[in-house]
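Working notes, structure below.
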Amino acid sequence: MSPLRVCTQCGFTYAEFLARGLLGCPECYTHFGDSLFADLLHLHPDLHRRPAGATADEVRARFSEALRLERYEEAAALRERLRELGVNP
């Protein structure tokens, strides 16, 4: 995830998280979730990955929510993530 990503709720960026080690609001976990999980795996290599199905379901739910809220740029990014996972939106 690019450090230029911004939480639509509070305006916090992933770069700010990397610099401070703190998130701006609870919604940041949704916006930066994949990167946060990747960082945890890097810091704790013995962690087990979440099952691919759960990840796809989670992304699909976020995609649907983004469409419902008319957040089309976010929905497009989530659609691409679903394609990367080999799942149709």
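All of the numbers you see were taken from the coordinates with simple rules; none came from a lab. For clarity, every value in this text was computed on a predicted model and none was experimentally measured. Note that each Cβ is placed from the backbone with ideal geometry, even for glycine, and that neighbours are counted across all protein chains shown.
Observations on the model:
- Counting Lys and Arg as +1 and Asp and Glu as -1 over every other residue whose Cβ lies under 14 Å from the Cβ of F32, the net charge comes to -2.
- Stretch gain in nm, segment L22-D34, where the contour uses 0.36 nm per residue and the Cα spacing is subtracted: 2.7 nm
- Paramagnetic label zone (point 7 Å from Cα along Cα-to-C-beta, E80; backbone N under 11 Å) in region 1-41: 1-2
- Distance between modelled label sites at E73 and E58, nm, 7 Å Cα→Cβ extension: 2.4 nm
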